[in-house]
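The values are calculated or read from the model by the stated rules, or taken from the named source; none is laboratory data. Here the structure is a predicted model, which is why all the values come from computation and not from measurement. Glycine gets a Cβ as well: all are built from the backbone with ideal geometry, and neighbour counts include every protein chain shown.
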């Protein structure tokens, strides 16, 4: 069985469409755990109606707001399935998402995670990009690539499925992580197996309320250029914690040490000639300019 953890907060606008895309999956052996983070709109009423209609849906509302990371952590801890799939509240799953990911991961007896590419839709559900990976310049080698996963990563939480062996490794979440999907992706790369599917299995809705890849207007982009921190600064504490773990192999520790050195003191070489950043010259030039302006 697959346990699907769906985190909600003020998601009344899109939650029905997402739930319908999950309920109508071609793979049928699943449960849906909906963790609501004290929504202030009609989200709770909507998901409670679905809970009454379907016996495989369970709704839990937090007594106080936990935030997205803690909400997913709680949901994962409550799962019963052999595999766990994470879902956001405002996307649309392609009909064979669960089936394709299950077939890709089912035979692994080590901690394993599978993720996929996405298409991008707008608030109206209209597709405006066929590949999130290509748009963002993400590339995932089939072989183990710790340097990529600890840096530009690109593992999107709304496409993740992992097995119980990985669940036991990631819980409880380390106290200081930038986001749950980055954390899960790194742990899978260090201790187990990452499987990347280039099929677009999720229609990723990007709008003004997204937590991560939020739509920004020109003013926000200009302000952010001068005020935002350089990339990856919120990963330093977590990566330093990993360096102190005795069960991480030495070669992987060397990759982490090298990455930490470069992000603490970025140079032309570390920005333009490494695999740490997305492979777009314009993006790297922007980062280098921000670095020298600091």
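Taking residue 21, is it crowded, with 17+ Cβ neighbours inside 10 Å and farther than 20 Å from residue 83 by Cα? Judged against the criteria, residue 21 is not a match. If you scan segment 33-47, which residues turn out to be touching a strand residue (DSSP E or B) at 6+ places or on another chain (Cβ under 8 Å) and not in a helix (DSSP H, G or I)? Passing the criteria: 33, 34, 35, 36, 37, 38, 39. Give the residues of segment 14-27 that are in a loop (DSSP other than H, G, I, E, B) and in contact with a helix residue (DSSP H, G or I) (Cβ under 9 Å, 6 or more places away or on another chain), sorted by residue number. Hits for segment 14-27 are 25, 26, 27.
Looking only at segment 63-96, residues that are in contact with a strand residue (DSSP E or B) (Cβ under 8 Å, 6 or more places away or on another chain) and either crowded, with 17+ Cβ neighbours inside 10 Å or in a helix (DSSP H, G or I) (or both) come to 20 in all.
What about residue 146, is it crowded, with 19+ Cβ neighbours inside 10 Å and either at pLDDT below 95 or within 20 Å of residue 235 (Cα to Cα) (or both)? In short, yes. Looking for something at pLDDT below 80, farther than 29 Å from residue 165 by Cα and part of a loop (DSSP other than H, G, I, E, B) - is there at least one such residue anywhere in segment 248-265? No, there is no match, as no residue in segment 248-265 is at pLDDT below 80, farther than 29 Å from residue 165 by Cα and part of a loop (DSSP other than H, G, I, E, B). Scan segment 277-287 and tell me whether some residue there is at pLDDT 80 or above, surrounded by 12 or more Cβ atoms within 10 Å (Cβ to Cβ) and either in a helix (DSSP H, G or I) or in the same structural domain as residue 132 (by TED's automatic domain parsing) (or both). Yes; the residues of segment 277-287 include at least one that is at pLDDT 80 or above, surrounded by 12 or more Cβ atoms within 10 Å (Cβ to Cβ) and either in a helix (DSSP H, G or I) or in the same structural domain as residue 132 (by TED's automatic domain parsing) (or both). Residues of segment 29-42 include at least one that is assigned by TED's automatic domain parsing to the domain that holds residue 68, closer than 21 Å to residue 96 by Cβ and loosely packed, with under 15 Cβ neighbours inside 10 Å.
Taken as a whole, segment 132-140 holds no residue that is surrounded by fewer than 17 Cβ atoms within 10 Å (Cβ to Cβ), more than 27 Å from residue 71 (Cβ to Cβ), in contact with a strand residue (DSSP E or B) (Cβ under 7 Å, 6 or more places away or on another chain) and touching a residue at least 60 places away in the same chain (Cβ under 8 Å). For segment 160-199, the tally of residues that are touching a helix residue (DSSP H, G or I) at 6+ places or on another chain (Cβ under 8 Å) and under 12 Å from residue 116 (Cβ atoms) stands at 7. If you go through segment 111-163 and keep only what is within 28 Å of residue 82 (Cα to Cα) and assigned to a strand (DSSP E or B), you end up with 112, 113, 114, 115, 116, 117, 118, 119, 161, 162, 163. Determine, yes or no, whether residue 274 is surrounded by fewer than 13 Cβ atoms within 10 Å (Cβ to Cβ), within 25 Å of the chain's Cα centre (by Cα) and assigned by TED's automatic domain parsing to the domain that holds residue 231. Criteria not met by residue 274. Counting only residues that are surrounded by fewer than 15 Cβ atoms within 10 Å (Cβ to Cβ) and in contact with a helix residue (DSSP H, G or I) (Cβ under 9 Å, 6 or more places away or on another chain), segment 246-257 holds 4 of them.
The residues in segment 1-31 that are over 12 Å from residue 89 (Cβ atoms) and without any contact (Cβ under 8 Å) to a residue 60 or more places away in the chain can be counted, and the count is 5.
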